[in-house]
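Visitor: The following block contains the structure, expressed as structure tokens.
The values are calculated or read from the model by the stated rules, or taken from the named source; none is laboratory data. What you see is a predicted model, and the numbers here were worked out from it, not measured in a lab. Quick reminder, even Gly has a Cβ in these numbers, built from the backbone with ideal geometry, and neighbours come from all protein chains shown. For the accessible areas, the whole protein counts, side chains as well, though only heavy atoms, and no ligand, DNA or RNA atoms are used. Shrake-Rupley method; radii C 1.70, N 1.55, O 1.52, S 1.80 Å.
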Amino acid sequence: MSIYGMSTAAWGAGLMIFAAQVVAESSLEGHVRWLQRAELSTLVSGVVKQVAVVPGDRVSKGDLLVQLEQGALRAEVGQAEAELAFQRAALEEAERELERTRELYDRTLLSDHDLELAKITSARAKAAYRRANAQLADAGERLRYSAVRAPFDGVVLSRNIEPGQTVVTRLQSVPLVAIGGTGKLLARAEVSADRLAGIAAADEIRVQVGERQYRGEIYNVGVEPLIPGGDRYSVDVLFLPASERTPRIGQPVVMDFP
């Protein structure tokens, strides 16, 4: 017996239980989550010409995912360009006429009324030119939005459109393709409020997914409970998985805070 009336075996067992509690308190269990996930659509209506990807495809930022027919949109751009050219010429003529009117006015050959009319004509020409310029910019944007491209490197999760289908976005934007980012991922856990302070101050974090271990860093510590009035908060740890073996979303993960 020890001086505390405890056998050596019992003392050892107590130390093991205490160590297990310390390990448990310095670890969190959670699941792998996306850092970046996007459901992509388009701001214009039209007929789908091409769907360039299927679920599981890996894409790079800027890669084409969905392409709408562009004939009508290109025609709009052409019309807008022609209108802008016309209004530019009209503005140049109005400005020349205003300059001639001012010269004649300075020589007292024209009245105040004539000068004011020339100024009004010039102002209207400037407004028409600005309006035509805006219409061309709008037509160009509509043409650009007819192509849906990957906003970041990722993997295609789903596609909800096929060639030949009509996309109507008048009432709401319809998701066409969903992708998840293949770069950094999140390890997310839920904890009680009394554990948040120690987690937020952690300098080093180890993220264990299956047999693989990664270095992590705090990405977000929840400031509001997950359920109003509750006592559970989210903790997100950012980590970069090995590119040759990306963890699956939803996989169990253990975060150690040494």
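Visitor: Report every pair of residues separated by at least 6 positions or lying on different chains whose Cβ atoms are under 8 Å apart, first residue within the range 87-113 and touching a residue at least 40 places away in the same chain (Cβ under 8 Å) and within 21 Å of Ala134 (Cβ to Cβ), second open to solvent by 90 Å² or more (accessible area, probe 1.4 Å) and assigned to a helix (DSSP H, G or I).
Guide: Listed pairs, sorted by first residue: Gln87/Arg131.
Visitor: Take the residues of the range 130-184 that are in a loop (DSSP other than H, G, I, E, B) and of a type in the set (S, T, N, Q): which is farthest from the chain's Cα centre (by Cα)? Step through it out loud before you land on a result.
Guide: Taking the range 130-184 and keeping what is in a loop (DSSP other than H, G, I, E, B), we get 146, 150-153, 160-165, 168-176, 182-184.
Those still in the list that are of a type in the set (S, T, N, Q) too: 146, 160, 165, 169, 172-173, 182.
Working: Ser146: 18, Asn160: 19, Gln165: 26, Thr169: 19, Gln172: 18, Ser173: 15, Thr182: 14 Å.
Result: Gln165.
Residue-wise test of (1) at pLDDT 95 or above; (2) of a type outside the set (A, V, I, L, M); (3) closer than 25 Å to Ala80 by Cα.
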| position | (1), (2), (3) |
| --- | --- |
| Ala94 | yes, no, yes |
| Leu110 | no, no, no |
| Ala139 | yes, no, yes |
| Ala150 | yes, no, no |
| Val156 | yes, no, no |
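Visitor: Just the residues that are within 17 Å of Arg170 (Cα to Cα) and surrounded by fewer than 20 Cβ atoms within 10 Å (Cβ to Cβ), please, taken from the range 143-154.
Guide: Leu143, Tyr145
Visitor: Pull up the range 188-244, narrow it to residues that are of a type in the set (S, T, N, Q) and open to solvent by less than 40 Å² (accessible area, probe 1.4 Å), then point me to the one that is farthest from Leu35 (Cα to Cα).
Guide: The initial filter retains those residues of the range 188-244 that are of a type in the set (S, T, N, Q), namely 192, 208, 213, 220, 234, 243.
Imposing the further condition that a residue be open to solvent by less than 40 Å² (accessible area, probe 1.4 Å) reduces the set to 192, 234.
On the way: Ser192: 23, Ser234: 14 Å.
Among them, the one singled out is Ser192.
Visitor: A further question on this structure: Considering only the range 27-46, state which residues are over 30 Å from Gln213 (Cβ atoms) and open to solvent by 60 Å² or more (accessible area, probe 1.4 Å).
Guide: Residues satisfying the conditions are Glu39, Leu43.
Visitor: Pick from Arg245, Arg232, Arg212: which is farther than 17 Å from Glu29 by Cβ and in contact (Cβ under 8 Å) with a residue 12 or more places away in the chain?
Guide: Values: Arg232 fails: farther than 17 Å from Glu29 by Cβ; Arg212 fails: farther than 17 Å from Glu29 by Cβ.
Selected residue: Arg245, the only one of Arg245, Arg232, Arg212 that is farther than 17 Å from Glu29 by Cβ and in contact (Cβ under 8 Å) with a residue 12 or more places away in the chain.
Visitor: Out of all the residues in the range 216-253, which are touching a Leu at 6+ places or on another chain (Cβ under 8 Å) and in a strand (DSSP E or B)?
Guide: Residues satisfying the conditions are Gly216, Glu217, Ile218, Tyr219, Val221, Tyr233, Ser234, Val235, Asp236, Val237, Leu238, Phe239.
Visitor: Determine which single condition Asn160 fails, assuming it passes every other condition in (1) more than 16 Å from Gly46 (Cβ to Cβ); (2) at pLDDT below 95; (3) open to solvent by 80 Å² or more (accessible area, probe 1.4 Å).
Guide: (1)
Visitor: Looking at the range 163-187, which of its residues are open to solvent by less than 70 Å² (accessible area, probe 1.4 Å) and of a type in the set (S, T, N, Q)? Don't jump to the end; show me each part of the working.
Guide: Of the residues in the range 163-187, the ones open to solvent by less than 70 Å² (accessible area, probe 1.4 Å) are 164, 167, 169, 173-183, 185-187.
Selection gives Thr169, Ser173, Thr182.
Visitor: If you don't mind, there's one more thing I want to ask. If you take the residues of the range 47-73 that are assigned to a helix (DSSP H, G or I) and surrounded by 14 or more Cβ atoms within 10 Å (Cβ to Cβ), which of them is farthest from the chain's Cα centre (by Cα)? Break it down into steps so the answer makes sense when it comes.
Guide: So the first thing to find is which residues in the range 47-73 are assigned to a helix (DSSP H, G or I), and the list is 71-73.
The next check asks that each one be surrounded by 14 or more Cβ atoms within 10 Å (Cβ to Cβ); those that pass are 72-73.
Details: Ala72: 28, Leu73: 25 Å.
This residue is Ala72.
Visitor: Check Leu115, Leu109 and return the single one that is open to solvent by 90 Å² or more (accessible area, probe 1.4 Å) and more than 30 Å from Val44 (Cα to Cα).
Guide: Leu109
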